[in-house]
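Working notes, beginning with the structure itself.
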Amino acid sequence: MTKPKERALYSVPEIIEMVGIGRTRLYQELNSGRLKAVKIGKRTCVTKASLETWLSTLEGYLPEKQRGNVHARRK
């Protein structure tokens, strides 16, 4: 994977490649308002600042034992 040039706006396909999530998940984040986008004509773009803010708000991964998951497998 090549590193895209750093710039002020990123397209949906660029974000999908950079972050490693699918198109559906990206649009879920956009529609929920957690990730902000701008429209330029028909094109949906995300600002660098918005992307960085969204990434900083993501929760860290916790193993099932630490999540207190009631559906965790019992041994």
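The set of residues in region 41-75 that are among the aliphatic types (A, V, I, L, M), more than 12 Å from the chain's Cα centre (by Cα) and modelled with pLDDT of 95 or more contains only 49. When you check residue 37 against the structure, is it under 16 Å from residue 7 (Cα atoms), touching a strand residue (DSSP E or B) at 6+ places or on another chain (Cβ under 6 Å) and hydrophobic (A, V, I, L, M, F, W, C), yes or no? When the stated conditions are applied, residue 37 passes them.
For region 7-60, residues that are hydrophobic (A, V, I, L, M, F, W, C) and part of a strand (DSSP E or B) total 5.
With respect to the conditions (1) open to solvent by 80 Å² or more (accessible area, probe 1.4 Å); (2) at pLDDT below 95, residue 24 lacks only one, and its number is (2). Scanning region 39-61 for residues that are touching a residue at least 12 places away in the same chain (Cβ under 8 Å), within 17 Å of residue 13 (Cβ to Cβ) and open to solvent by 60 Å² or more (accessible area, probe 1.4 Å) returns 40, 43, 48.
The values are calculated or read from the model by the stated rules, or taken from the named source; none is laboratory data. Keep in mind the model is a prediction, meaning the values are calculated, not measured. Cβ coordinates were reconstructed from backbone atoms using ideal geometry, including for glycine residues, and neighbour counts include every protein chain displayed. In case anyone asks, the SASA skips ligands and DNA or RNA and just uses the protein heavy atoms, side chains included. Shrake-Rupley method; radii C 1.70, N 1.55, O 1.52, S 1.80 Å.
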